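Worksheet for the structure shown next.
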Amino acid sequence: MASEDVIRLKLSTHNGLELLNPSGSDIREALRGLGADNMYVLLERFDANSRPWAAGFAQVGFPLPGEEGWTVEYREGGEQFQANTKDLAHIERLLSDYATGRAGWKEGLDWQLFMTHDA
């Protein structure tokens, strides 16, 4: 498999959309498609040692009735963190930066440890 064919990211949504190595516009379009019938966007990151399981992920959940703002989560290693925001433009930047591996992609949200997993 050529290096350009390596799956580094997989975007999936609640309604069944799956894209390999999505572009920034793919991510924005998926986020704008969130709604009561399409509750989440998930970006899974793979590396050479993580197949078949993702090395980490970032995801966004559509607000449930009574909730204010979007729920954003990410996992690194055995820890999963969660934050909330009302700013969809911030989420678009966050996921695009996560996808490209930009340092500081988590900045600007109040992340709380949500759960731990066996590494």
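Using the structure shown, decide if D26 is at pLDDT below 80 and of a type outside the set (S, T, N, Q). Break it down into steps so the answer makes sense when it comes.
Details: at pLDDT below 80: no; of a type outside the set (S, T, N, Q): yes.
The answer is no for D26.
Looking only at residues in segment 56-91 that are touching a strand residue (DSSP E or B) at 6+ places or on another chain (Cβ under 6 Å) and small (G, A, S), the one that is nearest to M39 (Cα to Cα) is G61. If you check L94, L34, L43 for being touching a strand residue (DSSP E or B) at 6+ places or on another chain (Cβ under 6 Å), modelled with pLDDT of 90 or more and not small (G, A, S), only one passes: L43. Scanning segment 65-87 for residues that are under 11 Å from F114 (Cβ atoms) and of a type in the set (V, I, T) gives T71, V72. With the structure loaded, tell me whether N21 is touching a His at 6+ places or on another chain (Cβ under 8 Å), at pLDDT 90 or above and of a type outside the set (D, E, K, R) or whether it fails that test. Considered against the rule, which asks whether it is touching a His at 6+ places or on another chain (Cβ under 8 Å), at pLDDT 90 or above and of a type outside the set (D, E, K, R), N21 comes out as no. State whether one or more residues within segment 82-100 are surrounded by fewer than 17 Cβ atoms within 10 Å (Cβ to Cβ) and in a strand (DSSP E or B). Yes, some residue in segment 82-100 is surrounded by fewer than 17 Cβ atoms within 10 Å (Cβ to Cβ) and in a strand (DSSP E or B). Just so you know, in segment 62-81 the residues that are among the acidic types (D, E) and surrounded by 13 or more Cβ atoms within 10 Å (Cβ to Cβ) include one that is nearest to H14 (Cα to Cα), and it is E73.
The values are calculated or read from the model by the stated rules, or taken from the named source; none is laboratory data. Small disclaimer: the values here were computed from a predicted structure and weren't measured. Backbone-built Cβ (ideal geometry, glycine too); neighbour counts: all protein chains shown.
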